[in-house]
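What follows is a single structure, written as structure tokens, with notes after it.
FYI, it's all coordinate maths here, none of it is from the lab. Keep in mind the model is a prediction, meaning the values are calculated, not measured. Positions of Cβ are backbone-derived with ideal geometry, glycine not excepted, and every protein chain shown enters the neighbour counts.
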């Protein structure tokens, strides 16, 4: 795990505008994510959190602005360069994204077969290790539909860390989990992140998760349609100059969270 | 920096137990030794404890972690203590996380060999299961139809109308193409044979009777099985995956009334209309071939009229009704009974088409034999 531009932030988001066709969802987004951060993208429902993540992953093309990884623009990179950058990422999706036609072992084997030079025997051992890391040792031959929702989330995490990624992206990792499973998943994310030295970018509006693990965050507002707060969520809860952000983080009833389609 | 080959050395001290000293680059592409070899070494030593030493390790990735985890599991089975020392940062923590939860022991399932799937008893059981399932489903559909007749069913007219539109007008293109071509095929087939007797003009009789009684409706049904039947299976299978069918059931709505009836009724209404359309185009196709054989359009029409009878049309339309019901039942049954994964939805669609086509051929043969006996 060697890095070239260690002085550069891991991810730089520069003046990004999110839009679906004509309708602008968020504009003027600029923030940095440093190496080793656990960075949370927060905001009310429908403010464009997941959309921002999908832009950062290159799943939706940007309408304007730039996103840089270790100082290199992802937007202007060639398809080949983008592929190389993507190999440094591990991603879990909101609804798991596990391949339902494959067993858990096959799900994790796929990226290893495609992108590494491990032998088949080594891959089998590594798959067992990755599953053990997320507490699913022995579940190799199960299909995603045969295990519970919480286990699916953890299996998705195992697939995300298959290639020992430098950046981990999570889209609502604890959505649909009970508080205990959700806390255990948070702890797991922190442990894995610390021992692998990865950077974590997470979309969530689970306050316990945000305070437990995040050390930096950005708040997207869906009224002014831009980011209105940036910093450690614990500081923002106490000292943010934006009432909406304080209310969001203290779960006040007055918080203006407007649903948008 | 040059890479050093990854290796380990097993040192055995009586008091301290055994030490595995790792050295070199334990990374991908270097192909470090597997745990099987180490296990054999350890088995010869019978250590009282095991220590993994990483002092001379230079680079590492998951392949080392996988090795260490296997060491840990081995020691657990042998009931001896296992420790790591002088390991790079993170390894100890990762190992702690990985070994926190005991391995799940999957229930031993005897996987049947592929040969057993050829066992006639097995095949018979499958056919019997399928038959029972289809019968149960047909029964549910019948009950739902009875409720509909009494005006009690939760079937929405709007759904019915939408499905009519999807099954009907959207299928015009492909039905036009297939029926013209089938008409032409019939025309050629007849013309070549009849020419030997100088009776080319009777090609009109052959095409008209062939299209009306048999080919028009059968080709339409095959197209609809592939197009609409598979779509029904995929729609309902996806709804099953999304738990939509569960939601409908818990709202107190019968999925058969709400989902199956509108689809089936739409197909029953649309199929006869498409069949008439296919018949007409098929006869036109036959006419094109006849024209090429020197039969004028007027001759073709007049000769065709002598073959035209109400019975032929009625037989075709009756088949259309039967086929529509069978396609809808095959498609909806496969969809409703689908598993809850993307692969299962694909299987459901395949299943729908295969079953529908088998049903079609069997029903067609049965109807033909019946009418033969009735001299119709």
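Name all residues of the stretch B:131-146 having a backbone nitrogen under 20 Å from the label point set 7 Å from the Cα of residue A:145 along its Cα→Cβ direction, giving them as ranges.
Inside the label zone: B:131, B:133-134, B:137.
As a footprinting exposure proxy, order B:71, B:332 by other Cβ within 10 Å, with the fewest listed first.
B:71, B:332
Report the gain in length on full extension from residue B:104 to residue B:76: 0.36 nm times residue separation, minus Cα-Cα distance, nm rounded to one decimal.
8.6 nm
Based solely on its DSSP helices, what 222 nm [θ] is calculated for the protein assembly as shown when runs of n ≥ 4 H residues each add -39,500 (n - 2.57) and the sum is averaged over all residues, nearest 500 deg cm²/dmol?
Value at 222 nm, helices only, nearest 500: -17000 deg cm²/dmol.
At a Förster distance of 25 Å, what's the computed FRET efficiency of residue B:132 paired with residue B:362, Cβ-Cβ distance as r, to 0.05?
Calculated transfer efficiency: 0.90.
Tell me the label-point distance for the pair residue A:87, residue B:118, using the 7 Å Cα-to-Cβ offset, in nm and rounded to one decimal.
Modelled inter-label distance: 4.4 nm.
Can you compute the equivalent ellipsoid semi-axes for the stretch B:244-376, i.e. the square root of 5 times each eigenvalue of the Cα gyration tensor, sorted largest first and rounded to whole Å?
Each semi-axis is the square root of five times an eigenvalue, giving 39, 16, 14 Å.
Remind me, relative contact order of the stretch A:91-245 in percent, using alpha carbon pairs under 8 angstrom and six or more residues apart?
20 percent
As a footprinting exposure proxy, order A:143, A:118, B:232 by other Cβ within 10 Å, with the fewest listed first.
Ascending number of Cβ neighbours within 10 Å: A:143, A:118, B:232.
Let me check against my output: what whole-number percent is the relative contact order of the stretch A:164-261, with C-alpha pairs under 8 Å and at least 6 apart?
20 percent
Ranking A:109, B:325 by Cβ neighbours within 10 Å, fewest first, what do you get?
B:325, A:109
Report, in degrees rounded to the nearest 10, the 0 to 90 angle that the Cα long axis of helix B:172-195 makes with the longest principal axis of chain B.
60 degrees
Classify the stretch A:81-182 from the C-alpha gyration tensor, please: rounded if a/c falls under 1.5, else prolate or oblate depending on whether a/b exceeds b/c.
Judged from the Cα gyration tensor, the stretch A:81-182 comes out oblate (a/c at least 1.5, b/c at or above a/b).
Describe numerically, in nm with one decimal, the distance between label points set 7 Å from Cα along Cα→Cβ at residue B:305 and at residue B:31.
Reported label-point gap for residue B:305 and residue B:31 is 8.5 nm.
Give me the orientation-averaged projected area of the Cα convex hull of chain A, in nm², one decimal.
14.3 nm²
Rounded, prolate or oblate: which fits the stretch B:125-191 when a ≥ b ≥ c are the square roots of the eigenvalues of the alpha-carbon gyration tensor, with rounded for a/c under 1.5 and prolate only if a/b beats b/c?
oblate
How are the alpha carbon pair distances in the protein assembly as shown distributed across 20 Å bins from zero to the largest one, expressed in percent?
Percent of pairs per bin, in order: 15, 33, 30, 17, 5, 0.
Could you work out which residue, out of A:194, A:22, A:172, moves most in a Gaussian network model of chain A, that is, has the largest mean-square fluctuation with Cα springs under 10 Å?
Comparing A:194, A:22, A:172 in the GNM, the peak value goes to A:22.
So what does the Cα-only Debye profile of the stretch B:216-302 read at q = 0.15, 0.17, 0.23 Å⁻¹, as log10 I(q)/I(0), no solvent term?
Normalising to I(0) and taking log10 leaves -0.69, -0.79, -1.06.
Bin width 20 Å, alpha-carbon pairs only: give the P(r) of chain B as whole percents, running from 0 to the bin holding the largest distance.
Going out from 0 Å in 20 Å bins, chain B shows 21, 30, 21, 19, 8, 0 percent.
Within the stretch A:73-112, what residues put their amide N at less than 16 Å from the label point 7 Å along the Cα-to-Cβ vector of residue A:59?
Only A:86-87, A:89-100 pass the distance filter.
Given bins 5 angstrom wide, list per bin the percent of all Cα-Cα distances in the stretch A:49-128, short to long.
Calculated P(r), rounded to whole percents: 3, 12, 20, 19, 17, 14, 10, 4, 1, 0.
In Å and whole numbers, how far do the C-alpha atoms of the stretch B:33-130 stretch along each principal axis, longest first?
Cα spread of the stretch B:33-130 along its principal axes, largest to smallest: 65, 30, 24 Å.
Once you've got the GNM for chain A with C-alpha springs shorter than 10 Å, pick whichever of A:225, A:86, A:117 has the biggest mean-square fluctuation.
Looking only at A:225, A:86, A:117, the biggest GNM fluctuation is shown by A:117.
Kindly express, to the nearest 10 degrees and within the range 0 to 90, the angle between helix A:179-196's C-alpha long axis and the longest C-alpha principal axis of chain A.
70 degrees
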